[in-house]
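Beneath this line is the structure, given in structure tokens, with notes to follow.
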Amino acid sequence: MTLTRLAILGSTGSIGRQALEVAAAHPDRLRVTRTAHRGDDLVAVATADDVDLVLVATPGIAGLDATIAALEAGKDVALANKEVLVVGGHLIRPLSGGAGKRLRPVDSEHSALFQCLAGVRMEDVLRVTLTASGGPFRETRLDELASVTAERALRHPTWRMGPKVTVDSATLVNKGYEVIEAHWLYGLPYERIDVVLHPESVVHALVELVDGSVIAQLAEPDMRLPIQYALLWEHARGPARRLDLAHTRELRFLGAPDPERYPCLDIVLSAARSGDPRALIGLSAADEVAVERFLGAEITFSEIPGILRHGAEVARSTAAQAAPGLEEIRLIDRGVRIALAEAPAGTPA
């Protein structure tokens, strides 16, 4: 068996810790040679000579430089950072060619899509569907959303994740990001990517073919499974929980998310469909700011959408080119954060 030398960026986060568990379960296949959490050493670790595969699990825009550097250095990348493709998909796809051995999706939904698409011609794909649990407020009364606490937002019903992505799961910002990821990973237009509510988080993605056939991937909501698949790039026994359908189990599909309950999803998708990368860069920066303020009890849950809109508008007003380069992405991100810092907490525009 080939031994893969692995670097983990974001080694102390939820994905990083589970990746270490997966690596420990496969000592003959995976050797962790480098780790980093945040800071200037991310690029150095991602391009080190004793690294074959880089797991990018750092939060936010911090992972973009390292992802580009790793790909340019000839490394394979297992990508668990949503923002890398949200703000820089136009830079990453030409370097990687999309989902494949060089760019391995770690998100459960995109790992599922990759598995469903194995052996399928893309011209035979009518559309793909990403599932969403709906988060902790799926059944909360709409008039109560303004008063929900960060503590409640962090109680995700099916997944155990870090605070940023857990709040993004409550707003469905994360699902909007995953639609953008699917666009860049698989070269699909946005109108062929759907989202459907599936509270049990057992079916992770579905692919509908032109003849009406639908291929789905099912697994327990356990991130160790897609992490392991990305790191080994094949199916193998591992530490993830196994799905047992012999026991009574209900799997529900509740249709598309209600835009009144999940306005952030529509905001993300509108920015994506506009074709203006600046809007997505601004929205990503604004989301980081908004989530931090919500967790710090500076704003209410219902004020998050306004901050996202404002971030996208600030970014659109910049003079950056249509396909911003890495330095322009940094400048837009920084400018949006400065603009939001100068506005009172909770001010949407």
Scanning the range 21-42 for residues that are of a type outside the set (Gly, Ala, Ser), assigned to a helix (DSSP H, G or I) and either modelled with pLDDT under 95 or in contact with a strand residue (DSSP E or B) (Cβ under 8 Å, 6 or more places away or on another chain) (or both) gives VAL22, ASP41, LEU42
Among (1) closer than 29 Å to ARG192 by Cα; (2) surrounded by fewer than 15 Cβ atoms within 10 Å (Cβ to Cβ), which single condition is LEU269 missing?
(2)
Can LEU265 be described as in contact with a Pro (Cβ under 7 Å, 6 or more places away or on another chain) and in a helix (DSSP H, G or I)?
yes
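Suppose we filter THR67, THR58 for residues that are crowded, with 19+ Cβ neighbours inside 10 Å, modelled with pLDDT under 95 and under 24 Å from ARG278 (Cα atoms); which single one remains?
Details: THR67 fails: modelled with pLDDT under 95.
One residue alone meets the criteria, THR58.
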Of the residues in the range 194-242, those that are surrounded by 17 or more Cβ atoms within 10 Å (Cβ to Cβ), in a loop (DSSP other than H, G, I, E, B) and hydroxyl-bearing (Ser, Thr, Tyr) number 1
If you check SER270, SER284, which single one turns out to be over 18 Å from PRO136 (Cα atoms), of a type outside the set (A, V, I, L, M, F, W, C) and within 16 Å of the chain's Cα centre (by Cα)?
SER284
Could you list, in sequence order, the residues of the range 312-342 that are crowded, with 17+ Cβ neighbours inside 10 Å and touching a Ser or Thr at 6+ places or on another chain (Cβ under 8 Å)?
ILE332, ASP333, GLY335
Quick one: which residue in THR149, THR131 is more than 15 Å from the chain's Cα centre (by Cα) and either surrounded by 22 or more Cβ atoms within 10 Å (Cβ to Cβ) or closer than 24 Å to PRO305 by Cα (or both)?
THR149
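The values are calculated or read from the model by the stated rules, or taken from the named source; none is laboratory data. Bear in mind the structure is a predicted one, so any value in this text is a computation, not a measurement. Reconstructed Cβ throughout: ideal geometry from the backbone, glycine too, with neighbour counts over all protein chains shown.
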